[in-house]
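What follows draws every value from the coordinates through simple rules; no lab data is involved. Quick caveat: nothing in here was measured; it's all calculated off a predicted structure. Neighbour counts run over all protein chains shown; Cβ positions are idealised from the backbone, glycine included.
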Amino acid sequence: MLCTSITVRFYNETGKLTSLLEKRRNLHRHLTDRQDENARLRAEIERLEPLANLGTLTYMIAHEVNNLLTPLRNYAELAMAHGGDAKLAAKALCKTARNCERAAAVMEGLLGLAEGSRRPAEVVSAVELVDGAFACICRDLSKDGIDVRVHVAPQARVQVAAAQVQQALMNLIINARQAMLPGGGILTVEAVVEGPMTRISVTDTGPGIEPGVMGRIFEPFFSTKGPEGSGLGLAFCKKVVEAHRGNIRVESSPGRGACFTIALPSAGG
C-alpha cells in the first residue's frame, strides 16, 4: 500500500509539473506573438511617419504663409491708397519687396528643416532679429492698447538663419498680442547673454495659460484658441529653435500672463 501511495503521489506531482510546463510554453508563445505584433506595428508606424511629417509640414507652411501675407497685403494697400504720395508709395513697395524675400527665405527654411538641414547660418545681433520680427508684423501695437517695451543687450549676437528665427519671434509676438486683446496690456521683449547662450524672451500680461495644458502647447495642432487656432505657431517655433541647437520654454500661471523664452547659442559660444 505504501508503494502504491508513493506511486500515486509521484504521478500527481508529475502531472502538475507537466501542466505547469505546458502553461509556461503557452505563455512564452503568447509573449512571442505579442512581441512580433509590436514589432509589426512599430514598422508600420515608421513607414507612416514620413507621411505624417509631410502633413504637418504642409499645415505649417500654410500657417506661416498666412502670417507673411498679412503684412504684404497691408504694405500693398498702403501704396495703393497713397498713390499720389510717391515717397510713401515707394517706401511701402520697398517693404513689400523685402518681405517677399523674407517669405521666400522662410519657406525655403521650412523645407530645409523637413529635410534635416537649414539655410546657412550668419552672425546676427539680437537687436536685428527683434527689429525684423516687429517689421514683419507691420502694425502699431499701441492701436490695440498694447505698450511695447524692448530691452535687448547690444552685445547679444547669435549665429542663425535669421529669417527663420525672426519668423519664430514674430509668432511669439503675435500670440502675445492676441492673448491681450481686446483689453490691451504690456508686451515686453528682452534679450540677454547668459554664459554660452543668448536668451530672448517675449512676455505678455494676458490671462496666462492653464497648468493642465502647459505640457502640450508645443504639440502640432494643439491650440488653446479654439477654432481660430491652428496649433502650429508654437510647433514651428520649437522646430526652428531646436534646429539651431537651442531650446524654448514657457512660464505662465492663470491671470499672470505668459513668458516664452528662446535660448540660442551665442555667436562664438
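Put a plus charge on the Cβ of each Lys and Arg, a minus charge on the Cβ of each Asp and Glu, and nothing anywhere else: the dipole of the range 122-265 about its Cα centre is then about 180 debye. If you plug the beta carbon distance of Gln35 and Val193 into 1/(1 + (r/R0)^6) with R0 = 35 Å, you get a FRET efficiency near 0.10.
For the range 170-178, putting each phi into the Karplus relation 6.51 cos²θ - 1.76 cosθ + 1.60 with θ = phi - 60° gives couplings of 4, 4, 5, 5, 4, 4, 5, 4, 4 Hz, in residue order, rounded to whole numbers and with x for Gly and Pro.
Pick out, in residue order, every one of the GluC sites (Glu not before Pro) in the range 122-210 that is DSSP loop and has at most 10 other C-beta atoms within 10 Å; say none if there are none.
none
Each of Thr96, Thr18 was scored by other Cβ atoms within 10 Å of its Cβ. Arranged with the fewest first, they read Thr18, Thr96.
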